[in-house]
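Here's the structure we're looking at; comments come further down.
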Amino acid sequence: MQGTINGKLVEFGENETILQTARRYDMFIPTLCELENLDHTPGTCRVCLVEIKRKGDDFTQIVTSCNTPMEEGNEVQTRSRKVREQQRLQVNLLLTDHEEDCATCVRHGDCELQDVAQFVGLKEARFKYDFSSGRTKDASSPSVVRDMTKCIRCGRCVTICREVQGTDVLFYENKGVNSEIGVRDSDLLNTSDCVSCGQCTLVCPVGALAERDDTEEVIDYLNDPEMFTVVQFAPATRVALGEEFNLKPGSNVEGQMITAFRKLGADVVLDTNFTADVVIMEEGSELLHRVKEGGTLPMLTSCSPGWINYVEKFYPDMVSNLSTTKSPQQCLGAIAKTYLAEKMEIDPAKMRVISIMPCTAKKEEAKRPEFTIGERPEVDVVLTTREFGSLLKREGIWLPDLEEGKFDNPWMGVATGAAEIFGSTGGVMEAAVRTVHYIVKGEELPGVDLKAVRGLEGIREASVDLGELGTVNVAIANSLKSARELVGRVRSGEKEYHFIEVMACPGGCMGGGGQPKHKHNYREFLTARQKAIYDIDASSELRQSHRNPLVKEMYDSYFGEPYSSERSHKYLHTTYWDKKRTVKHTIKEIWDELSEGR
Amino acid sequence: MARILYGVWNEEITDNRDKRFFEIEELKEFDQMDEFNPGNPVKAFLGAKGFFVFDKETSILDAAHQYVATAAKESCGKCTPCRVGTEVLTSKLEALSKGEIGADAVDEILTLAEHIKSTSMCGLGQTATEPLIAMLRHFRDEFEISIGRYDETGKQAYTDYVTAPCIEQCPSRVDIPRYIEYVKDSKFDRSIGVILKKYPMAATCGRVCVRFCEAACRRSRVDEPVGIKVLKRFVADKERYVTDQWFNEDLISEKKGDDLRVAVIGAGPAGISAAYHLLLKGYPVDVYESLTEPGGMAGVGIPKYRLPKDEILNKEVSIIESLGGHIHYGKKMGKDFSLDDLIRQGYKSVFIGVGAHRGKKLKVAGEDDSLEGYISGVRFLLYINQHVLNEEQSEFPVKLGKKLLVMGGGNVAMDCARSALRMGVEEVHVAYRRAEEQMPADVEEIHAAKEEGIHFHFLSQPVRVISEKRQVTGIEFVEMELGEMDSSGRRGVTPKPGSEFIIDADNVVVAIGQEVDASFLSDDDGMELDRWECLKTDDHLATTRKGVFAGGDCVLGPATLIQAMAQGEKAARSIDEYLTYGRPQFDSDRRMSQIVECVRKHADDDVIQPVKHQYRVRIEELEPEKRKEIFEEVEKVITAEEAFREADRCLRCYRIYSVITDH
């Protein structure tokens, strides 16, 4: 089919939108609510306006290009005066409804609404009304902050929550200027079914949904001479943080991060990868124990706190399937405040463990009441990769300018490539198989890699021959929607699995809700981050967790046997709870709500 | 009849301001706009296509202000222009009215109004400023008169009404776009809540409704109507627990005493709906049902493969008992009790919803309903439902041969034919006197019947029932020819002379319509019938006997589930008003609906914007080969993903209408 855009002849297919066609011909139309790689075109912002004349009509009309199809013979104008004026008026209206507190906003300088105001040439905010102050500000969650005074109702978060994660917690609520994104069956996030994955914060075009900002607390600790600060950062952070400093996705800034921490005054800089190796020792042994002793199978990984929340809230009958091994973040906190404190002769009560994580749910995980040592949490404060980027900027540190440092702690300063791949979906599984293979068969997995579990597909499966244990079926899910599908397969008994890795976020930790975000882009950069992770592994000297010499030494001198020793159980394992909520509204409540017109 | 002083509708301008009032032509089509309620003239009418002013003292600025304020309140808040624009506009119009800003602001107001119209996402925003734009383009002088005169002209008596084409066509006026919106937001409990406000039989309606709404759906101008019925069934099935948990006597806020008992005759859709609303209003209700099972025609007239009884229909009927009502089965009026008996027992009001259960006859030579092998469609379905209810253990009261012939082209005929197959009849035929396109049955039903291997004979008019030794052996037909279009737009049929032919059959099922079996009434009841032998009622469904109301098929003649439920609701309201005030009260929504009907035919409701084609969800069905032998439900419920997608097809054709009245 053919039509014209700005007089240029264009060809297009059935149901192809004006926006899609224009983009194919490299013509720019300002957009706001639309998110191409989520196929999200709700048409709510009404900014991507164009003027069209349908074949046979003697009049033109204004339509949104994102969800209006091209039709044979239609003439489209994207830059007519009428279009430009209406786009400007639209953004004017958007700003009227939006709390314009730009200088203090988490999205300062990185805001899609500000961009679109510039794209349409807005010179003044024309209307001055207070339409936003009645809306919800929700700081109840340790992970995600909801400020509905800034919401522009693009609905991207709703789509993420429903279609990518399948949690369906966020939804449109209320009417008119009081409309906002509400939380299903709860007023506040922390009492809802939200699993804190933070995927919504990756797509929010403004500052309406964001990670909880804990940078102030970190600065407190780093500058308190009484405190001994131990920092750790997760594998996925080093391949993404560079993006906050205009480096291309997939740049490995591990060395610069170490230097940055030292500049900031951290006493010990550790790699979460050290405890990822520990987790493999624990989880691998736990799996073998379950297989041999007839424990609950399939065993589900427990590294992803979003996934833990999901099981506790949606599938509480499956908590016994979860590995009791704590996540690498929590293991590091626990080991630092026990083993390391002992070795370095430091009072654990004066120690503060600071994590840099790709994850918003890690903030909540650190606050779980069971994760304490003495009076203090194992991990005292968690920053997302994004917050760490802004912390560095606050401290005047431009990451790419730094020299590369090296981990040097004599007790915990070594990690393997197997730990690094924890940052990608499939990595925990591959690392575990490398080690379990060695324990069972007494020899390394031929070729080291288990490429069958790599990739970005929602669900992947493989079978591994483990000698006397027979063939073990493993599966990997990333994103909670895929996890739900996989759980469905498990429950239907359609296939028997022994070990399942689940990461709540698409792509695993590298796609975590705390990672650098990109305007008008969701997930596109995952491939580059993933490649960087596997490159780090491939170039590592040590590539199997069981070969980490400091891990071996720690077990020999402190923890004893993985999984079975008393200390290992006390500090490296945990329990889970049934947190399912059953909320039923009475018909009376619903009718009252209907008559109030909400 | 109303005299339009000035106004604009659908871009057509009327200006009679230079005429004296009596010179203005009275327009018959606007007869409803004379008075809103008795003694309260309509001064102005505003709607989605413009406005009319009937009284020169009207402030159209204030009228527009209140109208736009309604839009701001009703806006769902998703799209920018409707959410923010209508709110800004409301503030500006108020400021203008109060004189806080002057006439120089009017251009900006018009720009904003046009912007909201041209860029809003759905029908609500797209029409929210239409009257204002019409005023400012054509009667700006009249508009500006009221600037700064809020104290004199502001806040005129104003009534608004928000509706949509589907709502207007639904006899129960269910807020359809709203329950669809709730599906989009996956608030399924709210969605079913919208439906349950109108009637308790949501899952039933979601299966067998004839869908007046879908016939009115503007989406059909793009591709196909929204699958409103399947969405209803989806939420009803999804939230099935509601019938177990939601309804109990605690729900009734103000219980009325035993001295205000109401009797409902008939546990069909009309009676159940009336009982439901009466119970919710606090009345003690007893339902009397002549059969041994509930549901009326929905229970015994619709086969189980379309409407499961235990899990669906009976469960929904049981809401009446959950709310504290009592259903007495096997109690037939005219046999077990009379109206006078009920009054003597202390019932203060009675609702009659006995339905139309007597099959019409062919009225041809040789017809005799005592012949072996001859049966009416409704009776046939009744027997089948009872047989299936007994898990096919009881002996079927009719001897079925190898070949069965159904006469008729409606849904009852389809139900008979498809049920006969399921009863093991080898060969089932349907004969209909007109063409296939003229069949009143749902297209889906006809299609399903064909899939199951039923043979159709169109343009076949019966002329004689053939029997041997009191056993039916077939029907003699004459072929019909399609003739000219008659005044109602339907092509007539005329017999082709000499074209007679015979279809042999062991059984003949006559399903050409039903009528009220008025034998339950006696002279003492004081009830009058109309010329169609239906119960005579007034606008409020009051019968000719004081305190006795009626609704459903026994008033309408054989109609539909949704019409019966709507009448049940309406009668419940009338009974409540009768028992509270002694007479009917003014119903402003109903009045607005009548007024809107005046302009509906003037409204050009084409979809002018290009819309992506997305065809409606296909419903999964049991395979014809499998299903034709069993009574298991044929249609399956759609998935949540399908429901989201289907709900997204709704164009939300909300329209606001309002009147300014004297007081």
Within segment A:90-127, take every residue that is free of Cβ contacts under 8 Å to residues at least 24 places away in the same chain and of a type in the set (A, V, I, L, M, F, W, C) and give me the one that is nearest to the other protein chains (Cβ to nearest Cβ). A:102
Out of (1) β-branched (Val, Ile, Thr); (2) over 30 Å from residue B:64 (Cα atoms); (3) part of a helix (DSSP H, G or I), the one residue B:180 does not meet is (2)
Filter segment A:128-145 down to residues that are buried (at least 20 other Cβ atoms within 10 Å of the Cβ) and of a type in the set (A, V, I, L, M, F, W, C) and give me whichever is nearest to the other protein chains (Cβ to nearest Cβ). A:131
Does segment A:571-586 contain any residue that is in a helix (DSSP H, G or I) and either surrounded by fewer than 19 Cβ atoms within 10 Å (Cβ to Cβ) or within 14 Å of another protein chain (Cβ to nearest Cβ) (or both)? no
Here the qualifying pairs (Cβ atoms under 6 Å; residues six or more apart or on different chains; first in segment A:23-51 and closer than 27 Å to residue B:126 by Cβ; second at pLDDT 95 or above and among the basic types (Lys, Arg)) come out as A:35/A:156; A:40/A:156; A:44/A:153; A:44/B:78; A:51/A:82
Only one of A:178, A:174 is farther than 24 Å from residue B:640 by Cα, of a type outside the set (Phe, Trp, Tyr), in contact with a Gly (Cβ under 7 Å, 6 or more places away or on another chain) and within 11 Å of chain B (Cβ to nearest Cβ); which? A:178
Determine, yes or no, whether residue A:46 is part of a loop (DSSP other than H, G, I, E, B), of a type outside the set (Val, Ile, Thr) and within 22 Å of residue A:10 (Cα to Cα). no
Those residues of segment B:20-30 which are farther than 21 Å from residue B:162 by Cα and either under 26 Å from the mean Cα position of the chain (by Cα) or touching a residue at least 60 places away in the same chain (Cβ under 8 Å) (or both), in sequence order: B:29
Odd one out for residue A:266 among (1) over 30 Å from residue A:227 (Cα atoms); (2) among the hydrophobic types (A, V, I, L, M, F, W, C); (3) modelled with pLDDT of 95 or more: (1)
What number of residues within segment B:490-511 are more than 14 Å from residue B:435 (Cβ to Cβ) and assigned to a loop (DSSP other than H, G, I, E, B)? 7
Residue among A:439, A:476 that is hydrophobic (A, V, I, L, M, F, W, C) and either part of a strand (DSSP E or B) or under 21 Å from residue A:304 (Cα atoms) (or both): A:476
Options A:380, A:408; residue that is surrounded by fewer than 17 Cβ atoms within 10 Å (Cβ to Cβ) and in the same structural domain as residue A:490 (by TED's automatic domain parsing): A:408
Which numbered condition in (1) farther than 29 Å from residue B:332 by Cβ; (2) part of a loop (DSSP other than H, G, I, E, B); (3) of a type in the set (Gly, Ala, Ser) is the only one that residue B:356 fails? (1)
For segment A:276-345, please list each of the helices (runs of 4 or more DSSP H) lying entirely inside it that holds at least 3 residues being under 18 Å from residue A:575 (Cβ atoms). A:305-314, A:328-335
Which listed residue is within 11 Å of another protein chain (Cβ to nearest Cβ) and assigned to a strand (DSSP E or B), from A:63, A:83: A:63
Conditions (1) surrounded by fewer than 23 Cβ atoms within 10 Å (Cβ to Cβ); (2) within 9 Å of chain A (Cβ to nearest Cβ); number of the one not met by residue B:138: (2)
Residue B:644: passes all of (1) at pLDDT below 90; (2) within 12 Å of chain A (Cβ to nearest Cβ) but (1)
Single residue of segment B:44-76 satisfying the filter (buried (at least 24 other Cβ atoms within 10 Å of the Cβ) and within 14 Å of chain A (Cβ to nearest Cβ)) that is nearest to residue A:181 (Cα to Cα): B:76
Picking from B:392, B:445, B:437, which residue would you name as being without any contact (Cβ under 8 Å) to a residue 40 or more places away in the chain, under 24 Å from residue B:289 (Cα atoms) and either part of a loop (DSSP other than H, G, I, E, B) or within 28 Å of the chain's Cα centre (by Cα) (or both)? B:392
Looking only at segment B:345-359, decide whether some residue is out of contact with any Pro (no Cβ under 9 Å at 6 or more places or on another chain), more than 23 Å from residue B:565 (Cα to Cα) and surrounded by fewer than 24 Cβ atoms within 10 Å (Cβ to Cβ). yes
If you go through B:608, B:619, B:630, B:638, the only one that is part of a loop (DSSP other than H, G, I, E, B) and closer than 30 Å to residue B:61 by Cβ is B:608
How many residues, within segment A:21-60, are within 31 Å of the chain's Cα centre (by Cα) and within 11 Å of chain B (Cβ to nearest Cβ)? 10
From A:546, A:498, residue being touching a Phe, Trp or Tyr at 6+ places or on another chain (Cβ under 7 Å), crowded, with 17+ Cβ neighbours inside 10 Å, in contact (Cβ under 8 Å) with a residue 40 or more places away in the chain and more than 14 Å from chain B (Cβ to nearest Cβ): A:546
So which residues in segment A:181-194 are more than 12 Å from chain B (Cβ to nearest Cβ) and under 13 Å from residue A:160 (Cα atoms), if there are any at all? A:194
Within segment B:154-175, track down each residue that is in contact with a helix residue (DSSP H, G or I) (Cβ under 8 Å, 6 or more places away or on another chain), of a type in the set (A, V, I, L, M, F, W, C) and away from every other protein chain (no Cβ under 14 Å). B:164, B:166, B:167, B:170
How many residues are within 28 Å of the chain's Cα centre (by Cα) and away from chain A (no Cβ under 14 Å) if we restrict to segment B:607-633? 9
So, in segment B:81-112, exactly how many residues are touching a residue at least 24 places away in the same chain (Cβ under 8 Å) and either among the aromatic types (Phe, Trp, Tyr) or under 17 Å from residue A:176 (Cβ atoms) (or both)? 10
Looking only at segment B:282-295, decide whether some residue is of a type in the set (Gly, Ala, Ser) and not in a loop (DSSP other than H, G, I, E, B). no
Looking at residue B:206, is it of a type outside the set (Phe, Trp, Tyr), farther than 19 Å from residue B:616 by Cα, assigned to a helix (DSSP H, G or I) and outside the structural domain of residue B:309 (by TED's automatic domain parsing)? no
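The values are calculated or read from the model by the stated rules, or taken from the named source; none is laboratory data. Everything quoted here is computed from the prediction, not taken from an experiment. Neighbour counts run over all protein chains shown; Cβ positions are idealised from the backbone, glycine included.
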